[in-house]
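Q: After the structure tokens below, expect a handful of questions from me.
Readers should treat all values here as calculations from the given coordinates under stated rules, not as data from a laboratory. Remember, it's a predicted structure, so these values are computed and weren't measured experimentally. A quick note on method: Cβ atoms are made from the backbone with ideal geometry, for glycine too, and the neighbour counts reach across all protein chains shown.
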Amino acid sequence: MAVEVTREGAVAVVTVARPEALNALNSATNQLLLAAVRELSADDSVRAVVLTGGGDKSFVAGADIAEMQGFTAEEARRFGALGQAVMSGIEAAPQPWIAAVNGFALGGGCELALACDVRFAAEKAKFGQPEITLGITPGFGGTQRLPRNVGDGWAKYLVLSGRHLRADEALRIGLVQAVFAKDELMPQALKLAQELAAKSPLAMRYCKAAVNAAADTDIATGQGIERDLFALAFASEDQSEGMAAFLEKRPPEFNGR
Ligand code: HXC
């Protein structure tokens, strides 16, 4: 199985597991990832997801170069569209996705991490968009999500040079949110996931949707979306519970209604 899904309570852990190819994404793996994204998105009992790479060397070392080598333009378009569907599915998922980047996150691997809501990295992780060195462009959303995350300058530096960044450099430019020693990465990612899983799933979905909208809209439209989601939150039991719990000085118990 190239994609494994396990559960730890309300948290799902998705592992891309093709360590013999440094977890490179071929079509079959992307199909399995897409199925996992759809299944988890439809499961209300899943409140947060951690995504990582199998083995101890790589998160995902990119799209599968051996498979892509002989593509016609039309096959390349289909391959890109499948990968983009995976990334967009993660971005649109109701739950937060946390990338636990345990090694190489190159090309499609960097794009996969970028589709997640939060990125944690191990100290030895490496980030980059090396497509230019293969005579191609990024194709799973990297040219769009990189500038949104790190600005045009860093995005162009990475995409045009194909250079790799160390984890500390990725942290400095805002590509990742935290860096941990190798053995601390999964515990820290799971700790954040459990923390997010205990929050209101409704408010979580609205917050994620509102921030996602910021990348695609002018500020007036974006604030309109924010206003509507804020209003909608007041139609929920979770809002009543969250505010009552604060005023009664007790922890809230959210039920997602
Ligand atoms: C297929 C890959 C692969 C990839 C590694 N492997 N990356 N196979 N596609 N992207 C395979 C190697 O061929 C090798 O197989 C095995 O994994 C171990 O890799 P090595 O190169 O021996 O390891 P190492 O010397 O440690 O180098 C690690 C590495 C290097 C720096 C990550 O493997 C590398 O540069 N990989 C390619 C990275 C890349 O260019 N990614 C972007 C791809 S394009 P064997 O059988 O020899 O043991 C892309 C486009 C996305 O992602 C959009 C598409 C629409």
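Q: Quick one: is L165 assigned to a helix (DSSP H, G or I) and among the aliphatic types (A, V, I, L, M)?
A: No.
Q: Show the residue pairs meeting these rules: Cβ distance below 6 Å; 6+ apart or different chains; first residue within the range 55-69 and closer than 14 Å to N30 by Cβ; second residue crowded, with 17+ Cβ neighbours inside 10 Å and among the polar types (S, T, N, Q).
A: Final answer for the pair search is V60/N23; D64/N26; E67/N26.
Q: Just checking, which of G109, G141 is in contact (Cβ under 8 Å) with a residue 24 or more places away in the chain, within 16 Å of the ligand (Cβ to nearest atom) and farther than 17 Å from N23 by Cβ?
A: G141
Q: Quick check on I136: is it over 30 Å from A42 (Cβ atoms), of a type in the set (A, V, I, L, M), within 16 Å of the ligand (Cβ to nearest atom) and surrounded by fewer than 17 Cβ atoms within 10 Å (Cβ to Cβ)?
A: So I136 passes the test.
Q: Do the conditions hold for L192, that is, is it of a type in the set (A, V, I, L, M, F, W, C) and closer than 23 Å to R7 by Cα?
A: Considered against the rule, which asks whether it is of a type in the set (A, V, I, L, M, F, W, C) and closer than 23 Å to R7 by Cα, L192 comes out as yes.
Q: Hey, another quick one. For the range 168-190, give me each residue that is surrounded by 15 or more Cβ atoms within 10 Å (Cβ to Cβ), in a loop (DSSP other than H, G, I, E, B) and not β-branched (V, I, T).
A: Within the range 168-190, L175, Q177 meet the criteria.
Q: Give me the residue from the range 58-85 that is away from the ligand (no atom under 11 Å from the Cβ) and among the aliphatic types (A, V, I, L, M) and, out of that set, surrounded by the most Cβ atoms within 10 Å (Cβ to Cβ).
A: A85
Q: Scan the range 160-173 and tell me whether some residue there is away from the ligand (no atom under 16 Å from the Cβ) and among the hydroxyl-bearing types (S, T, Y).
A: The answer is no, given that none of the residues of the range 160-173 is away from the ligand (no atom under 16 Å from the Cβ) and among the hydroxyl-bearing types (S, T, Y).
Q: Identify the residue in the range 41-53 that is more than 16 Å from the chain's Cα centre (by Cα) and not polar (S, T, N, Q) and, among all such residues, is farthest from the ligand (Cβ to nearest atom).
A: Taking the candidates together, the pick is D44.
Q: While we're looking at this one, here's another question. Out of the range 17-47, which residues are free of Cβ contacts under 8 Å to residues at least 40 places away in the same chain, among the polar types (S, T, N, Q) and closer than 19 Å to K208 by Cβ?
A: Matches in the range 17-47: S45 only.
Q: For the range 107-144, name all the residues that are assigned to a helix (DSSP H, G or I) and either under 30 Å from L202 (Cβ atoms) or aliphatic (A, V, I, L, M) (or both).
A: E111, L112, A113, L114, A115, I132, L134, Q144
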